[in-house]
Structure formats: structure tokens, C-alpha cells
Amino acid sequence: MITDTFDILHPDGFCTVRCRGQLVGERAIWLRDQVKPLVGRERKVTLDLTDVTFMDSLGLGVIATLYISARRGGCELDVINFSARVRDLLSVAQLLSLFEPAGQSTARMP
């Protein structure tokens, strides 16, 4: 069941979405459909990928789409606690600097 893969929490005007399992296919689309409306209402949305074991190009596209929607809606979108594998995927897609503070400096990435 897709809803078992995500928890959406709303403490103090901020929204945290905890993701579990694989961020692929229907799960990625469900995430987009649930979170996109939030970026228009919330000041800050955080995607916590602590328990994401795998993400494909559709999951990556959803994160990029949510980032663009958040920027347009005046919302801050953070992606936190991503694994080395997800970090590599964000790096290859040249999206890592959007979500990792070290990517905003001139420091070399390992």
C-alpha cells in the first residue's frame, strides 16, 4: 500500500514528509500528488529520505518538480538524510547543489 510508504507531519507551520522504501513508479507519482499542493500552503517542506532504499529517474524527476513548484510558490524545500546512492544520483543529475549546503560553495566534492 502506497500510503504505508510516507508519513506527512505538520508541526508548527512546517511540513515534514518521511519517505520509506523505494521512490519509484506509482510511489513517486503519489509523492508528487500529495506534496505539490503543500508547497503552495506551507512555508517550508522537508523531504526526509532516511529510509529510502532506492530511487529511479522518476523519483528524481519528482524531487526536481517539487523543488521548482516550491520556488515558484515561495516555499522552502529541503531534502535531507539521503543515502550515498541517492546522493550520487542527485550529483549525476547536477541537482545535488540544490539540496546540499556544501554544493553551494567552491569546496570540492569527494
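The values are calculated or read from the model by the stated rules, or taken from the named source; none is laboratory data. Please read all numbers here as calculations on a predicted model, not as lab measurements. Backbone-built Cβ (ideal geometry, glycine too); neighbour counts: all protein chains shown.
For segment 41-62, residues that are in contact with a Phe, Trp or Tyr (Cβ under 9 Å, 6 or more places away or on another chain) and farther than 17 Å from residue 7 by Cβ total 2. Scanning segment 3-37 for residues that are at pLDDT below 90 and closer than 20 Å to residue 69 by Cβ, we see that the one that is surrounded by the most Cβ atoms within 10 Å (Cβ to Cβ) is 6. Residues in segment 38-56 that are part of a helix (DSSP H, G or I) and buried (at least 18 other Cβ atoms within 10 Å of the Cβ): 38, 39. Restricting segment 93-102 to residues that are outside any loop (DSSP other than H, G, I, E, B) and under 16 Å from the mean Cα position of the chain (by Cα), the residue that is modelled with the highest pLDDT is 96.
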